[in-house]
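Where a number appears in this text, it was derived from the coordinates with a stated rule and is not lab data. Note that the structure is predicted; figures quoted are calculated from it, not measured. In this analysis, Cβ positions are derived from the backbone assuming ideal geometry, glycine residues included, and neighbour counts consider all displayed protein chains.
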Amino acid sequence: MRVITYKEALREAIMEKMREDKDVFMMGEDIGVYGGAFGLSLGMLEEFGPEHILDTPMSEASFVGVGVGAAIMGMRPIVEIMFSDFLTFGADQIINQAAKLRFMTGGQLKMPLVVRAPQGSGAGAASQHSQNTEAWFLNIPGIKIVAPSNPYDAKGLLKSSIEDNNPIIFLEHKLLYSMKGEVPEKDYRIPLGKSKVVRSGKNITIVATSIMVKRSLEAAEMLEREGIQVEIIDPRTLKPLDINPIVESVKKTHRLLVVYEGCVTGGIGGEIISQVAESEAFLYLDAPPFRLGGVDVPIPYNLNLERKATPQVEDIVSKVKEIVGGDWYARISRDA
Amino acid sequence: MGEISKECKVEMLYKMILIRAFEKQAEKLFMKNLVHGTMHLSIGEEAVPVGSIFAAEKTDYIVSTHRGHGHMIAKGGDIRKMFAEFLGKETGYCHGRGGSMHIADFSLGNLGANGVVGAGIPIATGAALALKMKKRKDIVLTFFGDGAANEGAFYESLNMAAIWKLPEVFICENNMYAMSSPVSKFVPTQNISDRASAFGIPGITVDGMDVIAIYEVVREAVKRAREGKGPTFIEAKTYRYRGHSKSDKNLYRTKVEIEEWKKKDPIIRFIKKVTESGEIDDEKIEKIRKDVAKDIEEGVKFALNSPEPSTDALLEYVYAEGGEE
């Protein structure tokens with residue numbers, strides 16, 4: 001099958017949707033001639049023109065709202081936020097407007113709005129350009145959060161997001177833009193709200209999001225050689241969360257580790273573990289469910305510090321060994 | 001005044017009297033403890049929504065504010081559904097989910113009131129962008145207050161509307177106070193409309209207590225917007241007789257000041273104008289008052305007799321089902 005990058009897959013999704021539906025358009029800072037800060041929209045201006053590839057002033061607080069207003073009038077805007085860290089500017093429009101207008105008006109409108117934002121660390125961009133921001137929006141009813149981990153999912157999920165009638169925060173990982181993978185040329189979709197088992201195993205379930213899927217797969221290869229079989233589930237949509245495949249997996253493996261790059265406190269890991277603990281899978285657990293998230297620290301600039309702040313392959317390997325090998329018991333006894 | 005027909009003036013007067021009666025009745029319901037939440041009354045400001053909305057076409061759009069009863073009524077809103085929403089009933093505009101501050105009727109082109117000051121401005125700008133992209137001839141009237149004119153979103157949206165020449169009319173209802181803060185304290189110039197010059201668009205200040213004056217400037221701005229010449233900023237200086245909301249004890253202004261503004265009352269002034277010119281006689285005005293009283297009575301009855309939403313339906317309307325048709 002054809003192999004393309006994550007970035008190319010996203011670009012294809014947008015361009016194919018724009019070709020088939022004149023209501024789809026993209027807006028954001030420097031997305032025209034410049035092609036966006038990460039070059040994702042390179043070539044789009046030439047094909048679709050300045051109205052559908054709409055360069056905006058540096059006014060996130062309002063151009064997210066312009067997207068909201070266009071969406072309620074029947075357009076399907078894709079709003080690019082240059083770095084997900086800047087979602088803070090657009091937060092009122094996302095949280096108080098996009099997420100709530102349908103509800104507050106008693107269902108009078110649809111909100112087919114996609115807010116795309118690159119996130120994540122590893123590029124030496126320091127604390128204001130490296131955050132994982134999904135946790136900021138997890139407890140906002142009315143929005144959906146999507147975070148693809150590979151090129152195939154990226155294209156299929158973005159198309160589904162553009163076609164969805166709800167506001168969507170679409171979080172792309174910067175380090176994944178260059179990731180290559182098989183992407184069919186034929187048209188396809190990946191439904192929102194469906195987890196995927198990306199690797200089967202019997203000793204432990206890892207739920208990993210975004211770039212952590214790739215790192216967990218690498219860790220699983222290493223662990224396999226030591227006789228530990230890891231099952232990996234990628235939720236793909238973080239909200240609404242498709243918990244059932246995770247519950248079923250934990251019933252089989254009896255162990256759970258959630259790996260995510262965002263700060264460990266108040267993140268997706270706590271939510272997944274709570275939902276598992278409240279399910280019948282609780283009765284099957286042979287060890288406490290664990291989180292392996294980013295350290296609660298602003299992302300540092302220095303390469304070594306930056307790596308240390310977020311889960312790396314070796315961290316996943318050692319955490320799995322601790323859980324499967326039973327060392328967790330000695331550790332929590334000692335901590336107590 | 002020449003170009004406005006007598007029928008239109010009768011209708012304008014009817015709407016202004018209806019807005020005031022609606023709000024006085026809303027206040028009564030509130031005093032009787034029948035209202036769960038809060039309300040923001042626009043009594044004294046009726047000329048602005050009526051003059052503005054009558055200057056546009058029925059097919060045009062508006063974006064309203066937390067003080068939005070007048071906008072909805074001027075746009076043709078059903079006061080039965082408004083009272084019902086006020087009382088949190090299933091038959092209300094938002095099925096009791098929004099309350100007084102969130103009334104919208106998309107079928108009439110009211111894209112909604114908003115509880116966040118200034119937040120409706122970018123949404124209106126987006127609606128105008130969509131109309132332009134869809135090559136439609138409709139325009140958007142964007143209502144907001146003097147308080148919102150100090151929000152960042154106001155400047156950003158004005159800028160975008162100006163650079164893209166969007167079919168939008170910005171209407172600042174300057175009622176002299178952002179909650180308790182007088183305009184003079186937070187606006188360094190005499191007129192908020194001065195700000196329009198920074199965006200290269202016309203900025204006009206108009207007597208917000210004179211419905212015809214408002215009609216005329218908005219009419220011109222609507223024409224300009226529809227011709228693709230871009231937005232206009234209109235500041236209507238008006239006054240709310242009541243407090244900001246139910247918590248207001250009027251500690252920041254004097255009774256004398258309120259009485260001074262009441263002398264400029266938009267309804268009394270308009271009646272004086274149209275009776276003196278002989279366009280509308282006392283008998284007609286009496287009939288309007290009777291019709292309004294009947295509307296109010298029916299509206300309240302409808303709301304009081306309406307069912308509450310089912311608590312089983314708590315999650316309804318959070319997400320839209322399905323995707324693109």
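Considering only B:LEU29, B:LEU13, B:LEU41, the mean-square fluctuation computed in a Gaussian network model of chain B, springs between alpha carbons under 10 angstrom, is largest for B:LEU29. Pairs from the list B:LYS15/B:LYS249; B:LYS15/B:LYS58; A:LYS252/A:LYS321 with a Cα-Cα gap above 22 Å: B:LYS15/B:LYS249.
Counting every other Cβ atom within 10 Å of each residue's Cβ, B:VAL10, A:VAL183, A:VAL33, A:VAL213 order from fewest to most as A:VAL33, B:VAL10, A:VAL183, A:VAL213. Per-residue shielding of A:140-151, expressed as the average number of other chain Cβ atoms within 10 Å of the residue Cβ, stands at 1. Extent of the stretch A:196-335 along its three principal axes (Cα atoms, max minus min coordinate, largest first): 43, 34, 31 Å. Karplus-derived 3J(HN,Hα) values for the stretch A:72-83, using 6.51 cos²θ - 1.76 cosθ + 1.60 with θ = phi - 60°, are 6, 9, x, 7, 10, x, 10, 9, 9, 9, 4, 9 Hz; glycine and proline are entered as x. Run the reach check for B:LYS301 against aspartates and glutamates, Cα to Cα strictly under 19 Å, same-chain hits fewer than 8 apart removed. What comes back? Here the aspartates and glutamates satisfying the reach criterion relative to B:LYS301 are B:GLU23, B:GLU27, B:ASP78, B:GLU85, B:GLU90, B:ASP291. In this simple spin-label approximation, A:SER127 and B:SER197 carry label points 7 Å from Cα along the Cα→Cβ vector, and these lie 4.3 nm apart. Between B:SER107 and B:MET179, the modelled label-to-label distance comes to 3.7 nm, taking each label 7 Å out from Cα in the direction of the beta carbon. Taking Cα atoms only, the orientation of helix A:244-253 departs from the longest principal axis of chain A by about 20 degrees. Taken as Cα centroids, the stretch B:54-86 and the stretch A:11-88 sit 32 Å apart, rounded to the nearest whole angstrom. Restricting the trypsin sites (Lys or Arg not before Pro) of the stretch A:1-89 to loop positions (DSSP other than H, G, I, E, B) with no more than 12 neighbouring Cβ atoms within 10 Å leaves A:ARG2. Taking every residue in B:149-161 and counting other chain Cβ atoms within 10 Å of its Cβ, the average works out to 4. Placing pseudo-labels 7 Å out from each Cα toward the beta carbon at A:LEU303 and A:ALA330 gives an inter-label distance of 3.5 nm.
Grab the beta carbon distance between A:LYS202 and B:THR38, set R0 = 45 Å, and tell me the FRET efficiency rounded to 0.05. Efficiency computed from Cβ-Cβ geometry: 0.20.
With R₀ fixed at 22 Å, the C-beta to C-beta distance from B:PHE186 to B:LYS272 puts the FRET efficiency at about 0.05. With R₀ fixed at 35 Å, the C-beta to C-beta distance from A:GLU46 to B:THR59 puts the FRET efficiency at about 0.45. Annotation note: chymotrypsin sites (Phe, Trp or Tyr not before Pro) in the stretch A:1-55 located in DSSP loop regions with a Cβ neighbour count of at most 15 within 10 Å are A:TYR34.
Tell me whether the protein assembly as shown comes out rounded, prolate or oblate; compute the Cα gyration tensor, take square roots of the eigenvalues as a ≥ b ≥ c, and use a/c under 1.5 as the rounded threshold. Prolate shape, in that a/c is at least 1.5 and a/b is the bigger ratio. One equal scatterer on each Cα of the stretch A:3-182, no solvent, Debye formula: the resulting log10 I(q)/I(0) at q = 0.08, 0.18 Å⁻¹ is -0.21, -1.19. Close amide H pairs (under 5 Å, H built 1.01 Å from N) link B:ALA178 with B:VAL183, residues at least 5 positions away or on another chain.
If you run the Gaussian network model on chain A, springs between alpha carbon atoms under 10 Å, then out of A:ALA98, A:ALA71, A:ALA123 the most flexible one is A:ALA123.
Kindly put A:GLU231, A:GLU20, B:GLU151 in sequence by how many other C-beta atoms sit within 10 Å of each C-beta, fewest to most.
Listed from fewest to most nearby Cβ atoms, that is A:GLU20, B:GLU151, A:GLU231.
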